[in-house]
């Protein structure tokens with residue numbers, strides 16, 4: 001799982017308040033307000049997303065519906081999924097891009113739902129609530145950034161199944177397609193069109209934003225952030241037998257990082273730190289030691 005990756009467990013020496021955790025807290029607070037302070041009529045008519053509401057000019061519903069939920073289980077599943085996938089996507093993209101990804105996926109997913117409500121009002125005409133569209137955008141972005149990352153999913157919340165992130169993306173696309181093609185008989189009361197819109201937005205956000213080419217590098221473009229990453233992924237590397245590597249003292253730091261370290265960090269982002277060879281681990285250790293002497 002994501003928490004098993006070494007660099008995800010590092011705090012870099014101090015607590016950092018993430019946008020992912022902030023969103024989870026906001027969703028919980030919004031649900032409490034929805035449950036105990038707002039009337040169901042007001043929530044359904046003014047805040048939940050519906051074709052009738054958009055026709056009346058309630059465009060804010062494209063945002064407000066993302067903060068409402070149908071119950072505690074709905075809220076908990078969404079918050080857990082956002083927390084598990086959002087941390088690493090945020091870490092890769094940065095807070096600003098992560099929030100842009102999340103809310104654009106939610107809004108475009110809402111527009112997809114409104115569109116199918118207009119085309120097939122008999123099947124999709126009801127009001128919609130939930131953060132799922134934005135969260136599916138985050139999950140799709142994760143799968144695009146780390147397609148080979150192994151995940152452990154739980155079928156019926158009990159049976160563990162291991163799969164690659166890209167497989168999860170294909171399954172999600174398949175489920176949404178079936179849900180739209182066979183409304184009412186496959187996942188009734190689920191906003192499949194909103195999920196599909198979120199998934200496609202997440203995929204487009206990564207591809208059109210050039211993140212597949214940079215994948216992992218933008219958050220570490222500065223010299224300081226590269227040093228932080230090297231320290232994070234090196235600090236818990238076990239002491240392997242000595243392997244012959246180029247001495248970093250013989251070359252300038254920037255050249256050493258560009259030539260030796262950058263490809264290793266790219267490999268970690270794609271396959272995890274467990275994929276490193278003995279020589280690659282030693283290179284990271286050497287780089288960390290060199291920085292510690294500065």
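Extension gain for the segment residue 100 to residue 120, taken as residue separation times 0.36 nm less the Cα-Cα distance, is 4.2 nm to one decimal. All C-alpha to C-alpha distances of the stretch 2-212, sorted into 5 Å bins beginning at zero, yield P(r) values of 1, 7, 15, 19, 20, 17, 11, 6, 2, 1, 0, 0 percent in whole numbers. Note on residue 36 and residue 181: the extension gain reaches 48.5 nm, defined as 0.36 nm multiplied by sequence separation minus the Cα-Cα distance.
Ranked by the mean number of other Cβ atoms within 10 Å of their residues, highest first, the peptides 201-207, 100-106, 162-168 fall in the order 100-106, 201-207, 162-168. Once the chain from residue 77 to residue 56 is taken as fully extended at 0.36 nm per residue, the excess over their C-alpha distance is 4.4 nm. Across the stretch 2-212, Cα pairs under 8 Å and at least six residues apart give a relative contact order of 23 percent. Determine which residues of the stretch 123-145 fall in the zone a paramagnetic label at residue 167 would reach in this model, i.e. backbone nitrogen under 17 Å from the point 7 Å along Cα→Cβ. Flagged as within label range: 143-144. Under the simplified labelling scheme, the residue 207-residue 266 pair shows an inter-label distance of 2.1 nm, with each label point 7 Å from Cα along Cα→Cβ. Two numbers describe the Cα atoms of the stretch 40-160: Rg and Dmax, which are 15.7, 46 Å. Going from the residue with the fewest nearby Cβ atoms within 10 Å to the one with the most, 128, 261 rank 261, 128.
Values in this text are rule-based calculations from the coordinates and carry no lab data. Only a predicted model underlies this, so the values are computations on that prediction, with no experimental measurement involved. Glycine also receives a Cβ, built like all others from the backbone with ideal geometry; neighbour counts cover every protein chain displayed.
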